[in-house]
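The next block holds one structure in the form of structure tokens; read it before the comments.
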Amino acid sequence: MHDVTKNIMIVGVGGQGTLLTSRILGAIMTRAGYDVKLSEVHGMAQRGGSVVTFVRYGDRVYEPIVEEGQADVLIAFERLEALRYAHFLKKDGVLIVNDQRIDPMPVVTGAEQYPEGILEDLAKTHTVYSVDAGDEALKMGNPKVFNIIVLGLAAKHMDFSKDEWLSVIEETVPPKTVEINKQAFLKGYGL
Amino acid sequence: MEKKVMLGNAAIARGAYEAGVKVSAAYPGTPSTEISENLVNYPEIYCEWSPNEKVACEVAIGASMSGVRAMCSMKHVGLNVASDPLYTASYIGVNGGFVLVVADDPGLYSSQNEQDTRMIGRASMVPVIEPSDSEEAKEFLKYSFELSEKYDTPVIMRTTTRLGHSQGVVTLKDREDIPDKPYEKNIQKNVMMPGMAKKRHLYVEERLKKMAEDGHDFPINRIEWGDKKVGFITSGIAYQYVKEVCPEASVLKLGMVHPLPKSLVAEFAKEIETLYIFEELEPVIEEQVRAMGIKCIGKEIFTVQGEYSANMLRKALNKETDIADAAKVPARPPILCPGCPHRSVYTALKKLKLHAAGDIGCYTLGAVAPLNVVETAVCMGSSISTLHGMEKAKGKEYVRDWVAVIGDSTFLHTGVNSLMNMVYNKATGTVLILDNSTTGMTGHQDHAATGKTLMGESTYAIDIPALCRAMGIEHVVCVSSFDQEELVRVLKEETAREEVSVVICQAPCALLKGQVFPYKCRPLPEKCMKCGACLRPGCPAITKNSDGTVYINQTMCNGCNLCAQMCKFGAIERVLAGK
């Protein structure tokens, strides 16, 4: 048990499937007997906006959100979102990034530039692990499981065993997709 | 007992189940929608989507009058629509318990204003209960039903976005066996004519006084004694931030925020050296505490705007925070999805330089770049009536280059009466009903024109074109939202007409379940003249390459063909996916 609450954040672009990932996280922590709080974004921001999910676990969790300078693990499903939320990490926090670029509207319309060298810059101040999960998922034959590959990579930095993760995934995802999701998890876990 | 991690809104549905609720009615609205979506898991409860919150509230009133426990749920602005029945239901009281769950949205995650439901509770003289996590959401709802029946009053349980959309551990209990009460004719209580209402008004005032006194001993109001140098009076999610930042302080945690249990407040305040009132949005508790002559610190250091957090409290108390600066990065505002039919309609409006009076839904996003066609948005149903007001103010010619745009669900919510008004009062404007076969923004709920009920049954689907014709509108035209040529032709024709006309733009929401997208759009770089026309509608699946040609993300593209229709050079082709 943690006497200090642990903080995890999942950030991405609305529609990328952050909610499934947070459901798996919530399930594994409750099974381990922790007090858990998760906070999600629904509604308008889900339409392609910047979305963030907070997950906190420990003996007794009060506030449901993770704030600036408090995240132990930051899981970013997109590069720009990693940069947007990097200041939420603790100094010794770990940053997991899906190396994918999705242009926000100000970039699409040419009003602003998508920053170059995000991962290189972040690596100067943070511990960064990255994967092109979209590409890996495509190779596996199902582009939708990219988020579980990213989760697999992040899982190495949390306090649960591989078997615990696999069994929770089995319980959480739709029955038809159990196998591909397990494979996707192991792909990320093995990186 | 089984424990489960539950979304606040799912916990409220569970609470309704455990409280023995029999009837629930609602209209979808972030952050309240998931309450009804979870209620369908309990076949013991009849639940429905009503066309709007007023109807939902009245359905619940009727069910309560008949003698069963009933509830309705809505977002904060939904309570404005339902406030007409609410104010008088307050006089009538209940037979079976009656609770309104109303979800506020501090920080405006998905709303048009930041109003505080506690103020409506005070104005309508209805008690307001406020939980602070999922477990409390479930238990406080059950307690609200007990209060409702004990004090013969409707009860508002107020939640916020952060509560409804946070998950926490909940202990599952059994459904209580609440026997139906008999219905007894009682016009003194159930018919609010002036003679009856005068007497009931006096009862309502007495009821509030009694509840304020009894509130001293309600288990949902509690004092957590700690260091008495600093004390907080707080409620709801704000309580969690106090515990996070000042675990040593004394706290009066109010579960009932209206009426204020004043004797408990006085008892707490007299022991505390420095008293803070920490409440999101308006100073509802603070002003009453001050009126009691108690010195306290509140909105002079805590904002009335936006959502609270632990860091916000730390900063307000001048506690040290070690926060790095945020990187300066391009914003990522919400946008219309790839394959969204609204984008195509707005592209046609833009081409014709038409202005749009807008409404509430995903299509409000037509107000921002790159579409920039929607110029007004007030509340549900307002597009049609604001257009009408403009015409009456400035004349027929003025609205020849205006249209109203309203979604199918919003039209059925409160647009119908506005359209009736246009016909009745001889307007000449054009109304576009953007019919995407669902309530889109809140996550695809059925409505009266989809042919499905909340509980999944097939039902009669209201025929929207026939409904408009029945009002006496001769020109009701249906057009595919994705057919640019036809859209442009119809819009030119209908806006020129000096009588009310309705254009129903039809195409399902791109995210609606069960849809098949057989096509993908692909650029043909050799034909591309690099003019950027395909980029103008702002589809997130299309980006510009460094050489000026375009890239279409094949995973995101739904093959709607809008970009291909924008291209004069045939440089985008639509092909069967996988070919």
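Numbers below:
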| quantity | calculated |
| --- | --- |
| Relative contact order for chain A, counting Cα pairs under 8 Å that sit 6 or more residues apart, in percent | 19 percent |
| Relative frequency of Cα-Cα separations exceeding 22 Å in chain A, percent | 44 percent |
| Label-point separation in nm, B:Val516 to B:Ala291, each point 7 Å along Cα→Cβ | 6.4 nm |
| Computed E for B:Met420/B:Val191 - FRET, C-beta separation, R0 30 angstrom, nearest 0.05 | 0.60 |
| Rounded FRET efficiency, nearest 0.05, which uses the C-beta distance separating B:Glu474 from B:Lys568 and R0 of 51 Å | 0.90 |
| Relative exposure of B:Ile464, B:Ile156, judged by other C-beta atoms within 10 Å (fewest first) | B:Ile464, B:Ile156 |
| Folded to 0 to 90 degrees: helix B:341-351 orientation relative to chain B principal axis, Cα | 60 degrees |
| Pairs beyond 20 Å (Cα-Cα), from B:Lys262/B:Lys295; B:Lys351/B:Lys568; B:Lys22/B:Lys513; B:Lys173/B:Lys452 | B:Lys22/B:Lys513; B:Lys173/B:Lys452 |
| Relative contact order [Cα under 8 Å, 6+ residues apart], segment B:1-148, whole percent | 28 percent |
| Selected from A:Tyr85, A:Asn98, A:Gln183, residue furthest toward positive end of dipole (segment A:67-191; charges at beta carbon) | A:Gln183 |
| Sequence of B:Thr274, B:Thr430 once ranked by neighbouring C-beta atoms within 10 Å, starting from the fewest | B:Thr274, B:Thr430 |
| Lysines with Cα under 17 Å of A:Lys139, excluding same-chain neighbours fewer than 8 positions away | A:Lys182, A:Lys187 |
| Shape parameters for segment B:222-316, alpha-carbon atoms, Rg then Dmax in Å | 11.9, 32 |
| Exceeding the 19 Å Cα-Cα cut-off - candidates B:Lys150/B:Lys270; A:Lys90/A:Lys124; B:Lys350/B:Lys520 | B:Lys150/B:Lys270; B:Lys350/B:Lys520 |
| Sequence of B:Tyr151, B:Tyr460 once ranked by neighbouring C-beta atoms within 10 Å, starting from the fewest | B:Tyr460, B:Tyr151 |
| Between helix B:382-394 and chain B: long-axis angle, C-alpha atoms, 0 to 90°, nearest 10 | 70 degrees |
| Calculated on alpha-carbon atoms, Rg and Dmax of chain B in Å | 26.6, 82 |
| Contour minus Cα-Cα distance for B:Thr274 and B:Lys530 (0.36 nm per residue) | 85.5 nm |
| Given charges at beta-carbon only (K, R positive; D, E negative), |dipole| of segment B:222-316 in Debye | 160 debye |
| Normalised alpha carbon radius of gyration of the protein assembly as shown [divisor 2.2 N^0.38 Å] | 0.99 |
| Rounded to 10°, Cα long-axis angle of helix B:194-214 versus longest principal axis of chain B | 60 degrees |
| HN-Hα J in Hz across segment A:16-33 - Karplus 6.51, -1.76, 1.60, θ = phi - 60°, x for Gly and Pro | 7, x, 5, 5, 5, 4, 5, 5, 5, 4, x, 5, 5, 6, 5, 4, 6, x |
| Computed magnitude of the charge dipole of the protein assembly as shown (debye, nearest 20; Cβ of K, R +1, Cβ of D, E -1) | 1300 debye |
| Assigned charges on the beta-carbon of Lys, Arg, Asp, Glu; segment B:341-506 dipole about Cα centre (debye) | 420 debye |
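Taken together, the values in this text are just the output of simple stated rules run on the coordinates, not laboratory data. Worth saying up front: this structure is predicted, and the values here are computed from it rather than measured. Ideal geometry is used to build each Cβ from the backbone, glycine not excepted, and the neighbour counts take in all protein chains shown.
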